[in-house]
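The values are calculated or read from the model by the stated rules, or taken from the named source; none is laboratory data. Just so we're clear, the structure is a prediction, and the values are computed from it rather than from any experiment. Don't worry about glycine lacking a Cβ; one is built from the backbone with ideal geometry, like all the others, and counts go over all protein chains shown. All accessible areas refer to the heavy atoms of the entire protein, side chains included, with ligands and DNA or RNA removed. Shrake-Rupley method; radii C 1.70, N 1.55, O 1.52, S 1.80 Å.
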Amino acid sequence: MNSSGSICATIRHLNKSVANSATAIVSAGPLFLAGLLLTTAANDPGRSIDAVVAVLHDPDNWLNLISIQLFIVSASSIFGAIIAAVPNIICGAVMIRLGENHSAMRLSVVWALVGAVVAGIPAFAITLGTAQSISVGCAFAFTGAGCALVFRRGVQWDAD
């Protein structure tokens, strides 16, 4: 392929990656909260169960709890989108391009693994030596894998 064809293909893939990444970008914050909840529950199941029992025991506060959760999820969508926009677009464009040349790179499991590694390892490395390094690394890995799978859902190659 000549260089102008390669540039056009790259621009086309970049446009496709930007369009496909919108949902993944917005879902990054809630996915991070879910990952953080899962890792916290895995690290200290007793505390998590006590918190759930306390909430279920007082049904009068459910409306307040639901409104607080809606605010937290909305805020996490905004802040998560700010943080996740560039990595989602860049990694998505790279994975789309790799998928054109290698059929194995089109598999959803590969996208999930790449997303987990790209998001989890830097977060783990930054927090290394702290008590929260495993929780934060796993939450970011969960977020990266989830965003990659959401992004992958909208991608199709000509060979498919």
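This table checks each residue for (1) of a type in the set (Val, Ile, Thr); (2) farther than 25 Å from Gly120 by Cβ; (3) at pLDDT 70 or above.
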position	(1), (2), (3)
Leu56	no, yes, no
Asn64	no, yes, yes
Leu70	no, yes, yes
Ala75	no, no, yes
Ile89	yes, no, yes
Of everything in region 69-110, what is open to solvent by less than 30 Å² (accessible area, probe 1.4 Å) and either touching a Leu at 6+ places or on another chain (Cβ under 6 Å) or charged (D, E, K, R) (or both)? Give them in sequence order.
Ser76, Ala93
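Let me confirm something: among Val109, Val94, Val86, Val73, which residue is closer than 14 Å to Leu31 by Cβ and either among the hydroxyl-bearing types (Ser, Thr, Tyr) or assigned to a helix (DSSP H, G or I) (or both)? Spell out the reasoning first.
Details: Val109 fails: closer than 14 Å to Leu31 by Cβ; Val94 fails: closer than 14 Å to Leu31 by Cβ; Val86 fails: closer than 14 Å to Leu31 by Cβ.
After ruling out the rest, the residue left standing is Val73.
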In region 117-160, the residues that are open to solvent by 30 Å² or more (accessible area, probe 1.4 Å), assigned to a helix (DSSP H, G or I) and small (Gly, Ala, Ser)
Ala125
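Does any residue of region 18-29 turn out to be touching a Gly at 6+ places or on another chain (Cβ under 6 Å) and modelled with pLDDT of 85 or more? Reasoning before the result, please.
Here is the first cut: in region 18-29, the ones touching a Gly at 6+ places or on another chain (Cβ under 6 Å) are 20-21, 28-29.
Applying the additional criterion that residues be modelled with pLDDT of 85 or more yields 28-29.
Yes - at least one qualifying residue is present in region 18-29.
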